[in-house]
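Where a number appears in this text, it was derived from the coordinates with a stated rule and is not lab data. The shown structure was predicted, so the numbers you read here are calculated from the model rather than taken from an experiment. Using ideal geometry, Cβ is built from the backbone for each residue, glycine included, and neighbour counts are taken over all protein chains shown.
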Amino acid sequence: MRINSSQNVQQMLKAYNKNVSKVKETEKTAFKSDKIEISESAKDFQVAMKAFSDLPEVREEKVDDLKKKIADGNYQPSAKDIAKKMLSDMKTNNVG
């Protein structure tokens, strides 16, 4: 008896050959590298954020000017301006 002449064996070989060809096709596919594209508005936003982060947290020239005015006795804010600022701060800090 020949094993190759068996119909079941022939069907098994066909199925095996199909699976082998699928594996070979899968091995042929190359990996694609990832790609990132940044929109123009995102680039503009990055530039703006960089410029903002480079700004000093304290405006030294303004602080120095106020220190000088206080030391010279020339700094005289109005009571109305002080009250407005206090109320504004209370609203933003949810005090009261």
Which distance in nm do the two modelled labels at Glu37 and Met86 give, with both placed 7 Å along the Cα-to-Cβ direction?
5.9
Place the peptides 49-60, 76-87 in order of packing, highest mean first, counting for every residue the other Cβ atoms within 10 Å and averaging per peptide.
76-87, 49-60
